[in-house]
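Worksheet for the structure shown next.
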Amino acid sequence: MSLKSSIATAAGKSSYWFLHTFLKGGSSLPGKITKRLDPNILQTLARNYDVIVITGTNGKTLTTALTVQVLKEKYQNIVTNPTGSNMEQGIITTFLHAPRTKNKRPLAVLEVDEANVIMVTKYIKPKAFVFTNIFRDQMDRYGEIYTTYQKILNGVALAPNATIIANGDAPIFHSKQLPNPMIYYGFANQPKKDIKATPNTDGVLCPQCQHILHYHYISYSNLGDYFCPNCGYQRPKLNFALTKIDHLTPKSSQFEIDGEPIKIEIGGVYNIYNALAAYTVGRFMGVTPTQTQQAFSKGKHIFGRQEEINVDGKAVTLILVKNPVGLNQVIDMISTDQDPFTFIGLLNANYADGIDTSWIWDGDFERLPQVNIKQFITGGERYKDITYRLQVAGVDPEKHLVEPDLDKVVEMIPNAPTKKVYILATYTAMLHLRKVFAAKGFIKGGLD
């Protein structure tokens with residue numbers, strides 16, 4: 001390590017220690033300080049690691065967490081960024097506070113923001129990339145889905161030998177020929193038909209001839225067994241496949257991957273994709289199906305992703321929402337709850353959330369009045385937008401409370417008319433809530 005790198009690392013570690021000792025955390029500033037002193041520090045910090053990069057629109061944080069759980073069945077001392085601090089400075093911080101290990105080639109499993117993949121591959125040549133999906137998200141930052149995918153590919157181009165583990169059900173991931181070795185995962189649990197995606201679905205034009213894609217079956221949105229009746233373009237052969245869904249609840253999912261029974265302690269069809277991705281990474285890294293079953297059975301809570309928190313006897317589930325596809329999948333999931341519950345929708349529009357909130361109009365909120373919801377609460381910096389959206393969706397104004405202040409929203413939870421409470425929050429609203437929950441002693445930590 002050069003003198004510059006040593007000074008930069010020492011400064012970064014000192015700032016990390018100070019923030020976590022006196023100011024209750026911080027995952028970005030230490031990385032910023034370190035990079036300012038040594039712009040190439042990531043190359044030095046990650047030099048001895050085998051790195052797996054996980055990127056895409058939805059599911060990065062959960063896929064990363066599940067992948068780490070799976071790999072821990074075979075590997076020790078895995079470095080990761082569990083709080084979702086997935087830009088370059090956050091990744092630098094991850095390596096700064098990584099424990100020292102005697103392993104010659106320790107692992108790093110990193111969630112990486114789509115636009116930051118190239119910031120990482122400038123300095124690190126990953127062993128593998130994992131692609132979850134690409135949907136419209138934060139249009140002010142990413143643009144359309146093809147622009148987002150190109151941002152990822154710009155980074156992948158710097159690591160042509162890395163294996164790509166991609167969601168084979170996403171048409172966009174098979175749209176360009178790449179030199180990298182490819183492994184595909186996807187769903188193969190339904191009889192074949194000939195159907196189309198619903199109107200206003202992203203990415204359903206054939207990348208070869210621009211004809212509208214057809215599907216043998218659709219799991220959700222534009223994901224499924226696609227084919228083009230015009231030119232013959234079709235889904236690639238899957239290396240690992242979901243073969244059966246047995247039982248779904250808001251808190252758990254039971255299914256089979258290539259005939260192997262799997263259970264995860266988290267609900268939603270969209271989260272089965274995340275588990276399938278983690279399973280595929282495990283097989284790529286030599287983890288057996290039995291070891292993966294054991295890993296998933298441990299059922300650890302994931303930061304801000306269907307995290308259940310006991311708030312004075314109320315079972316509060318905190319769920320991140322940030323785009324219409326993810327939101328609709330969450331609505332699908334909570335609609336399966338047989339018990340009455342309270343619904344809280346919190347909308348912020350900071351840079352980390354995406355400043356354009358028009359995406360809420362593509363969300364299927366119209367389903368909510370038909371669900372067994374006893375009370376609605378809306379809040380956050382853009383409370384007027386989310387409140388009006390629910391009004392248009394037909395929510396009963398007699399059941400609907402409005403509270404912009406997130407601290408006061410937390411104070412309202414113990415008085416909710418139901419034992420169960422689901423909070424759907426954008427990223428900065430979720431972080432704010434976790435800080436309040438931590439300050440009140442409902443959870444052990446705020447950010448990390």
* Asked: Just for the stretch 306-336: of the residues that are out of contact with any Pro (no Cβ under 8 Å at 6 or more places or on another chain) and among the small types (Gly, Ala, Ser), which one is modelled with the lowest pLDDT?
  -> Gly326
* Does any residue in the stretch 402-415 that is assigned by the TED database to the domain that holds Gln391 come within less than 7 Å, Cβ to Cβ, of a residue that is of a type in the set (Ser, Thr, Tyr) and modelled with pLDDT of 95 or more six or more places away or on a different chain, and which pairs are these? -> Val402/Thr378; Val402/Tyr383; Val402/Thr387; Pro404/Tyr383
* Return only the number of the condition from (1) open to solvent by less than 70 Å² (accessible area, probe 1.4 Å); (2) closer than 25 Å to Asp312 by Cβ that Asn350 does not satisfy. => (2)
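Listed here are the residues, each with its yes/no results for (1) at pLDDT 95 or above; (2) more than 23 Å from Ile309 (Cα to Cα).
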position: Gly363; (1), (2): no, yes
position: Gln375; (1), (2): yes, no
position: Gly380; (1), (2): yes, no
position: Leu406; (1), (2): yes, no
position: Ala416; (1), (2): yes, no
position: Asp448; (1), (2): no, no
* Asked: Is it true that Val325 is part of a helix (DSSP H, G or I), within 27 Å of Ala439 (Cβ to Cβ) and not assigned by the TED database to the domain that holds Val130?
  -> no
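So which of Ile212, Ile266 ends up being of a type in the set (Val, Ile, Thr), under 28 Å from Leu320 (Cα atoms) and assigned by the TED database to the domain that holds Phe131?
Result: Ile266 is the single residue among Ile212, Ile266 that is of a type in the set (Val, Ile, Thr), under 28 Å from Leu320 (Cα atoms) and assigned by the TED database to the domain that holds Phe131.
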* To do: Answer yes or no as to whether Lys237 is assigned to a loop (DSSP other than H, G, I, E, B), under 15 Å from Phe173 (Cβ atoms) and out of contact with any helix residue (DSSP H, G or I) (no Cβ under 9 Å at 6 or more places or on another chain).
  => yes
* Quick one: is Lys176 of a type in the set (D, E, K, R), over 19 Å from Tyr146 (Cβ atoms), surrounded by fewer than 20 Cβ atoms within 10 Å (Cβ to Cβ) and out of contact with any Gly (no Cβ under 6 Å at 6 or more places or on another chain)? -> no
* Please identify the pairs in which a residue from the stretch 216-239 that is under 22 Å from Val269 (Cβ atoms) has its Cβ atom under 9 Å from the Cβ atom of a residue that is assigned to a loop (DSSP other than H, G, I, E, B) and among the aromatic types (Phe, Trp, Tyr), counting only partners at least 6 apart or on another chain. => Ser221/Phe135; Asn222/Phe135; Tyr226/Tyr233; Phe227/Tyr233
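Working carefully through the options Asn40, Asn86, find the one that is open to solvent by 30 Å² or more (accessible area, probe 1.4 Å) and closer than 21 Å to Ala115 by Cα.
Numbers: Asn86 fails: open to solvent by 30 Å² or more (accessible area, probe 1.4 Å).
Within the list Asn40, Asn86, the selection yields Asn40.
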* Check every one of the strands (runs of 3 or more DSSP E) wholly within the stretch 354-437 and list those with 1 or more residues that are crowded, with 21+ Cβ neighbours inside 10 Å. => 373-379, 420-425
* Kindly indicate whether any position in the stretch 124-133 is open to solvent by 20 Å² or more (accessible area, probe 1.4 Å), part of a loop (DSSP other than H, G, I, E, B) and modelled with pLDDT under 90. => no
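With Phe227, Phe255, Phe240 as the choices, which residue is closer than 20 Å to Gln329 by Cα, in the same structural domain as Ile134 (by the TED database) and among the hydrophobic types (A, V, I, L, M, F, W, C)?
Working: Phe227 fails: closer than 20 Å to Gln329 by Cα; Phe240 fails: closer than 20 Å to Gln329 by Cα.
None of the other options fit; the residue is Phe255.
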* To do: State the number of residues belonging to the stretch 239-262 that are more than 13 Å from Gln293 (Cα to Cα) and of a type in the set (A, V, I, L, M, F, W, C).
  => 5
* Single unsatisfied condition, Pro229 versus (1) touching a His at 6+ places or on another chain (Cβ under 7 Å); (2) open to solvent by less than 50 Å² (accessible area, probe 1.4 Å); (3) farther than 27 Å from Thr147 by Cβ -> (2)
* To do: Using the structure shown, decide if Gly186 is of a type in the set (Gly, Ala, Ser) and either surrounded by fewer than 21 Cβ atoms within 10 Å (Cβ to Cβ) or assigned to a loop (DSSP other than H, G, I, E, B) (or both).
  => no
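Just one of Met430, Met412 is in contact with a strand residue (DSSP E or B) (Cβ under 6 Å, 6 or more places away or on another chain) and on the phi < 0 side of the Ramachandran plot; which is it? Give the steps one after another, and end with the answer.
On the way: Met412 fails: in contact with a strand residue (DSSP E or B) (Cβ under 6 Å, 6 or more places away or on another chain).
Of the residues listed, the single one that is in contact with a strand residue (DSSP E or B) (Cβ under 6 Å, 6 or more places away or on another chain) and on the phi < 0 side of the Ramachandran plot is Met430.
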* To do: Please name all residue pairs, on different chains or six or more residues apart, with Cβ atoms under 7 Å, provided the first residue is in the stretch 200-213 and is without any contact (Cβ under 8 Å) to a residue 24 or more places away in the chain and the second residue is hydroxyl-bearing (Ser, Thr, Tyr) and part of a loop (DSSP other than H, G, I, E, B).
  => Thr201/Ser221
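The values are calculated or read from the model by the stated rules, or taken from the named source; none is laboratory data. A quick note: this is a predicted structure, and the numbers were derived from the prediction, not measured. Backbone-built Cβ (ideal geometry, glycine too); neighbour counts: all protein chains shown. Accessible surface is based on the protein model in full, side chains and every heavy atom, while ligands, DNA and RNA are left aside. Shrake-Rupley method; radii C 1.70, N 1.55, O 1.52, S 1.80 Å.
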